[in-house]
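This report concerns only the one structure given below.
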Amino acid sequence: MQEAVDALRSGEGWRRWLTVRRHFHTYSFHNQLLIAHQCPEATRVAGFRAWLKLGYAVRRGERGIRIWAPCPPPKKQIAEWKQAGANPHERPPTYFNLVAVFDCSQVDPLPDFPGGPIPLNPPSESVVGDGLAYLFGPLVAFGHSLGLSVTVEPVSGAASGYLEPATDRLVIDVLSEFFSANAQVQTLVHELAHALVRHDRRPEDPKLPYFEEEVVVESVAFAVCASLGLDTSPSSIPYIAGWGERSDDEPIERYAALIDRLANRLEDLAFATPTSS
């Protein structure tokens with residue numbers, strides 16, 4: 001775990017974690033780090049028996065990826081706890097053990113699996129497309145719930161959108177030949193991440209000077225879009241690297257847990273939105 005955290009300090013380690021998180025955004029932050037450190041090309045992992053249920057078998061000689069798995073208390077302990085009054089402070093604890101999982105690159109399909117193996121490739125969207133246009137309305141509504149005034153109007157200069165913290169005004173550029181619906185969603189996620197930095201602030205969150213905040217919010221945008229199948233790395237990674245060079249030389253992992261938490265807020269909304277809306 002310490003090696004995984006230390007690796008995150010490098011620019012390559014940061015990119016590796018953000019890339020891996022695309023496929024494992026529902027995993028704990030610590031398990032994301034462990035997967036990124038041990039198998040940075042991983043896209044889907046499961047235990048040995050779980051792969052069999054999906055129609056795949058782990059190849060002989062493959063080495064497992066170690067992650068933390070919860071071990072809930074036995075049913076007998078839970079029953080005794082309930083009989084004793086179910087005091088929440090005395091509930092039998094859940095422990096965690098390191099278990100082995102395997103990436104989809106380490107398995108082969110079972111030839112006789114009924115109906116054939118379960119398809120593993122997630123859907124993907126192009127930045128220049130409009131497959132994620134259905135998310136724009138719900139994301140605007142989410143902005144309203146944060147107290148923002150969200151408008152779509154022409155934006156001059158190189159920016160595609162901006163947030164005015166003093167007025168809570170969020171502006172996104174209009175659709176055009178050079179600014180697609182998917183790019184509009186990407187920009188809106190970026191600006192909403194700026195708002196969430198302030199709206200969801202916790203006492204333990206690190207203070208974010210201007211440069212560091214740009215690293216955080218674009219990392220959030222990259223992570224959210226990637227989890228939806230939208231690869232923004234050609235623009236996001238140079239953007240993050242450029243802002244990161246201007247920031248103070250502090251352990252970058254300080255920001256990772258914050259990024260993961262803010263990204264989860266937006267991903268919960270995105271995955272709860274029907275594609276037909």
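Filtering segment 225-277 down to residues that are modelled with pLDDT of 75 or more and aromatic (F, W, Y), which residue is farthest from L135 (Cα to Cα)?
The extreme case among them is Y255.
Would you please name the residue that is farthest from L192 (Cα to Cα), looking only at residues in segment 160-174 that are among the hydrophobic types (A, V, I, L, M, F, W, C) and over 24 Å from the mean Cα position of the chain (by Cα)? Give the derivation first.
Keep residues of segment 160-174 that are among the hydrophobic types (A, V, I, L, M, F, W, C), which gives 163, 166, 170-172, 174.
Now restrict to residues that are over 24 Å from the mean Cα position of the chain (by Cα): 166, 171, 174.
Values: A166: 15, V171: 11, V174: 17 Å.
Taking the candidates together, the pick is V174.
So V127 passes all but one of these: (1) surrounded by 13 or more Cβ atoms within 10 Å (Cβ to Cβ); (2) modelled with pLDDT of 85 or more; (3) outside any strand (DSSP E or B). Which condition number does it fail?
For V127, the exception is condition (2).
Would you check if E214 is in the same structural domain as I237 (by TED's automatic domain parsing) and not in a helix (DSSP H, G or I)?
Numbers: in the same structural domain as I237 (by TED's automatic domain parsing): yes; not in a helix (DSSP H, G or I): no.
For E214, the condition - in the same structural domain as I237 (by TED's automatic domain parsing) and not in a helix (DSSP H, G or I) - is not met.
Does L148 satisfy the condition of being assigned by TED's automatic domain parsing to the domain that holds A221, farther than 28 Å from H23 by Cβ and either of a type in the set (A, V, I, L, M) or in contact (Cβ under 8 Å) with a residue 12 or more places away in the chain (or both)?
Details: assigned by TED's automatic domain parsing to the domain that holds A221: yes; farther than 28 Å from H23 by Cβ: yes; either of a type in the set (A, V, I, L, M) or in contact (Cβ under 8 Å) with a residue 12 or more places away in the chain (or both): yes.
The answer is yes for L148.
Looking at segment 76-85, is at least one residue at pLDDT 90 or above and under 28 Å from D231 (Cα atoms)?
no
Inside segment 64-87, can you point out the residues that are of a type in the set (A, V, I, L, M, F, W, C) and either over 30 Å from Q106 (Cβ atoms) or not assigned by TED's automatic domain parsing to the domain that holds W51 (or both)?
Filtering segment 64-87 down to residues of a type in the set (A, V, I, L, M, F, W, C) leaves 65, 67-69, 71, 78-79, 81, 84, 86.
Across segment 64-87, the qualifying residues are I78, A79, W81, A84, A86.
Checking the conditions here, which among R21, R59 is outside the structural domain of D260 (by TED's automatic domain parsing), touching a residue at least 12 places away in the same chain (Cβ under 8 Å) and over 30 Å from P114 (Cα atoms)? Spell out the reasoning first.
Details: R59 fails: over 30 Å from P114 (Cα atoms).
Among R21, R59, only R21 is outside the structural domain of D260 (by TED's automatic domain parsing), touching a residue at least 12 places away in the same chain (Cβ under 8 Å) and over 30 Å from P114 (Cα atoms).
Could you look through segment 156-174, keep only residues that are assigned to a loop (DSSP other than H, G, I, E, B) and touching a Phe, Trp or Tyr at 6+ places or on another chain (Cβ under 7 Å), and pick out the one that is modelled with the lowest pLDDT?
So the first thing to find is which residues in segment 156-174 are assigned to a loop (DSSP other than H, G, I, E, B), and the list is 156-160, 165-168, 173-174.
Retained after the next criterion (residues that are touching a Phe, Trp or Tyr at 6+ places or on another chain (Cβ under 7 Å)): 160, 173.
Numbers: S160: 89, D173: 93.
The selected residue is S160.
Of all residues in segment 152-163, which are touching a strand residue (DSSP E or B) at 6+ places or on another chain (Cβ under 8 Å) and either under 18 Å from V128 (Cβ atoms) or loosely packed, with under 12 Cβ neighbours inside 10 Å (or both)?
Our first condition is that a residue be touching a strand residue (DSSP E or B) at 6+ places or on another chain (Cβ under 8 Å); within segment 152-163, this holds for 152-153, 155, 160-163.
Those that are touching a strand residue (DSSP E or B) at 6+ places or on another chain (Cβ under 8 Å) and either under 18 Å from V128 (Cβ atoms) or loosely packed, with under 12 Cβ neighbours inside 10 Å (or both): E153, S160, G161.
If I ask for residues that are part of a helix (DSSP H, G or I) and more than 18 Å from the chain's Cα centre (by Cα), which ones from segment 184-208 would you list?
Q184, R198, H199
For the subset of segment 82-120 comprising residues that are surrounded by 10 or more Cβ atoms within 10 Å (Cβ to Cβ) and hydroxyl-bearing (S, T, Y), which member is nearest to the chain's Cα centre (by Cα)?
Looking at the filtered set, the residue picked out is S105.
The values are calculated or read from the model by the stated rules, or taken from the named source; none is laboratory data. All figures in this text were calculated on a predicted structure; none of them were measured in a lab. Here Cβ is always computed from backbone atoms with ideal geometry, including for glycine, and neighbour counts include all displayed protein chains.
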